Structures are given as structure tokens and as C-alpha cells.
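The values are calculated or read from the model by the stated rules, or taken from the named source; none is laboratory data. Source: prediction; values computed, not measured. Heads up, the Cβs are rebuilt from the backbone with ideal geometry, glycines too, and the neighbour counts pull from every protein chain shown. Note: accessible area is taken over every heavy atom of the protein model, side chains too, but ligands, DNA and RNA are not part of it. Shrake-Rupley method; radii C 1.70, N 1.55, O 1.52, S 1.80 Å.
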Amino acid sequence: MNKFSWNSIANLLFIESPAGVGFSYSNTSSDLLDSGDRRTAKDALEFVIQWLERFPRYKNRDVYITGESYAGHYVPQLAREIMRHNKIAKHPISLKGIMVGNAVTDNYYDNVGTITYWWSHAMISDKTYRQLLNKCDFHRQKNSNECESLYSYAMDQEFGNIDQYNIYAPPCNKSDDSTTTSQRTLRLPHRPHRVSKQIVGYEGYDPCTEKYAEIYYNRPDVQKALHANTTKIPYKWTACSETLNRNWNDTEASILPIYKEMIAGGLRVWVFSGDVDSVVPVTATRFSLERLKLSTKIPWYPWYVKKQVGGWTEVYEGLTFATVRGAGHEVPLFKPRAAFQLFKSFLNGVPLPKSSN
């Protein structure tokens, strides 16, 4: 039904990671209280190894890893584990590259970039912006109560009723005055966004998609058809696991050292940003990537899809960065055609088109 579906040009394997999200599980329930970045990466590597053993016809295929949001940790960390595995493996995994979107990358620069985005897009006042810069120590994993209060004030009093994942799209309301408990990242700036009156969708986007998904995946007939719940006990599917969120053990302060490893290892590395996301905004990604001090190979230029500017891009030595104009946190959800072009260019290892027929 989706003519821009990525699996029309590549075999896609979706991994629910870490164990405990979606329909994934552990036979040892205490595992869900003992998870974090390191365990997730090692579990994901073990999954890839065992999956290739189970389906050996794919062993010689080129492998690419993609993800978005907190997968800005998962994807590079899995790539690092695969690179280490390949050094000692009899049958190395043919990892060729990674691509991440609106990706959590570096605690300090992500946070500075996020509040800068809020200020530059008139979401917060000059006063709040200055106070956040002065009162918050973004080098710390957990900030002070004063800093937390400033974040809460900004979101509760100054943002207004918006969808933080796309600041120009309408929010969803399928209930009277509820709030969503979905937390898709583990970063300080993100808080659940409030919901209110439903408005006409944003370029075909339905703001209540996540609500529909939650209803659908909790239907017993759907779970049976997916072989997702083989017990007689009703299974509650949620967009995110609050259990994992509350019990997350470790998170790397910066993924930039892994970027250096991947580039040195010859992997294809692409990073993209939907530019109307305020949760992991384009400014956060640009501030983070700037710290790599990469030489420019192809200077900044607009790229096109269907005779329209799809976004802007710059090609560095070892890394390609691209924005997707008008896309929110989940780029393919808001701009499927542009995301499809992005995916094709990534797989082909060619720069995004400077013109479009």
C-alpha cells in the first residue's frame, strides 16, 4: 500500500530492541530491571549472529543498520560490537554501513542544541533560554532540581499545546483530556506531550497514528496472527516500556568516539534530521557532528525530490549529513517520498541528487 516502502529495494529485518519493548521478551523477567546500553548492544549482536545461523542464505549479503531517536545509541553501538566480532570471527558479518535519524548522540551538545532550537523557533522566551544555559550543567547525566524545574516550566507554560515530535503538525486527541505516556528517548529535554483537539492531518499524516497502533496491536486476533503472544494471559503492547525507562543502568555520554571508530573502519555513515522535530532537533545533531572536525568533501547544498527541495546536505570525509525539510522525529512517517530517496542514495553510496526530474 505504501509506494515508498523501503522493503521494495532492500530486505528489511526489524529488531525490537532492547528485550522488553514491543512484543519482545525475556524468559527471565528480572532482565528487564537490568538493562542498558552495553547489554542492549551485546544482545543485539547475539541476535544477528544467531539469525544468520538460522537463515544462512543471508550470510554473504551486505548488511546495513538503521534506526532513529535513541537508536542513535543502539545502531553505532551494535556496529561497534560487529566490528569487534569480525576481528575474531571465522565468518565475519558483512557490515557495510549505518544510517541514523534524529539521533541521540552526545549529552552535552544534544541538550545545548535542543534548547537552542526551542529558542530559535520561538517556543521559549529569551529569559527561559538564558536561565537554561546558566542553570543547567549539560555534562551531567542527571541535572539539578532547579534545571528540571526550568524544563518543566518551558514545556508546561511556554510551549503550548503542540506535538514536540513535529512542532507544525496538529496534536492528537482521541480522549477528553488525557496525556500520552510514550517516552521514546531517554534524554533530559523529552517529556510526554499533551494532547488536545484533533485537527485535520499534516500533509496526509494522522496525528493519532500511535493511538491506532496501540489499539491494533492489543487485539487478541492480531496477536494470535503475529504469533506474538502464545500464552492465554492478555499481553499489553505499548509504544515504549516504562519498566525499561525507569531501570536503565547505563548510557554512553557521547557516541562520537564510536563515529570515529566507524569512519576509521571504512563504514558508510549517514546521519539525517527531520528539521521540525524539537525532541532531538537538527541543531542538536549539527552541534554534535561539528565536534568530529571532519573535512568537507562536498559543500552544503539543497537536495531535491520531485522538483522540490527535499532538504539540505553536506558530505564530509567519512560521513554524510542530510536534513529532511518539513519532517518530524520519524522522518518516513512525515515525508515518505523524501525518506525513500534518502534510503536509496544511502544504499547506493551516492550523494543526494542536486536536481530532480
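Looking at 68, 53 in this structure, which one is among the acidic types (Asp, Glu) and either crowded, with 21+ Cβ neighbours inside 10 Å or farther than 25 Å from residue 89 by Cα (or both)?
68
Within the range 246-266, does at least one residue satisfy the condition of being within 24 Å of residue 7 (Cα to Cα), of a type outside the set (Val, Ile, Thr), at pLDDT 95 or above and within 20 Å of the chain's Cα centre (by Cα)?
Scanning the range 246-266 turns up no residue that is within 24 Å of residue 7 (Cα to Cα), of a type outside the set (Val, Ile, Thr), at pLDDT 95 or above and within 20 Å of the chain's Cα centre (by Cα).
Answer yes or no as to whether residue 89 is hydrophobic (A, V, I, L, M, F, W, C), closer than 21 Å to residue 264 by Cα and surrounded by 19 or more Cβ atoms within 10 Å (Cβ to Cβ).
Against the criterion (hydrophobic (A, V, I, L, M, F, W, C), closer than 21 Å to residue 264 by Cα and surrounded by 19 or more Cβ atoms within 10 Å (Cβ to Cβ)), residue 89 does not qualify.
Does residue 297 satisfy the criteria of being open to solvent by 10 Å² or more (accessible area, probe 1.4 Å) and touching an Asp or Glu at 6+ places or on another chain (Cβ under 6 Å)?
So residue 297 passes the test.
If I filter the range 327-337 down to residues being open to solvent by 10 Å² or more (accessible area, probe 1.4 Å) and in contact with a strand residue (DSSP E or B) (Cβ under 8 Å, 6 or more places away or on another chain), which single residue comes out as farthest from residue 4 (Cα to Cα)?
Within the range 327-337, the match that is farthest from residue 4 (Cα to Cα) is 330.
Tell me which residues, restricted to the range 241-253, are touching a residue at least 40 places away in the same chain (Cβ under 8 Å), of a type outside the set (Val, Ile, Thr) and open to solvent by 30 Å² or more (accessible area, probe 1.4 Å).
Those that are touching a residue at least 40 places away in the same chain (Cβ under 8 Å), of a type outside the set (Val, Ile, Thr) and open to solvent by 30 Å² or more (accessible area, probe 1.4 Å): 242, 245, 247, 248, 249, 252, 253.
Give me the residue from the range 118-164 that is of a type in the set (Ser, Thr, Tyr) and over 27 Å from residue 250 (Cα atoms) and, out of that set, most open to solvent (accessible area, probe 1.4 Å).
153
In the range 129-140, what residues are over 23 Å from residue 329 (Cβ atoms) and not in a loop (DSSP other than H, G, I, E, B)?
Hits for the range 129-140 are 130, 131, 133, 134, 135.
Please count how many residues of the range 141-161 are within 20 Å of residue 69 (Cα to Cα) and either β-branched (Val, Ile, Thr) or part of a loop (DSSP other than H, G, I, E, B) (or both).
Total meeting the criteria: 2.
For (1) among the small types (Gly, Ala, Ser); (2) assigned to a helix (DSSP H, G or I), each residue gets a yes or a no:
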position: 49; (1), (2): no, yes
position: 64; (1), (2): no, no
position: 72; (1), (2): yes, yes
position: 75; (1), (2): no, yes
position: 83; (1), (2): no, yes
position: 87; (1), (2): no, yes
position: 103; (1), (2): yes, no
position: 116; (1), (2): no, yes
position: 127; (1), (2): no, yes
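Would you mention how many residues in the range 338-357 are touching a residue at least 12 places away in the same chain (Cβ under 8 Å) and either closer than 24 Å to residue 62 by Cα or within 18 Å of the chain's Cα centre (by Cα) (or both)?
Of the residues in the range 338-357, 13 are touching a residue at least 12 places away in the same chain (Cβ under 8 Å) and either closer than 24 Å to residue 62 by Cα or within 18 Å of the chain's Cα centre (by Cα) (or both).
So for the range 311-324 (the condition being farther than 18 Å from residue 98 by Cα and not aliphatic (A, V, I, L, M)), does at least one residue qualify?
Yes.
Kindly indicate whether residue 169 is surrounded by 18 or more Cβ atoms within 10 Å (Cβ to Cβ), modelled with pLDDT of 90 or more and part of a helix (DSSP H, G or I).
no
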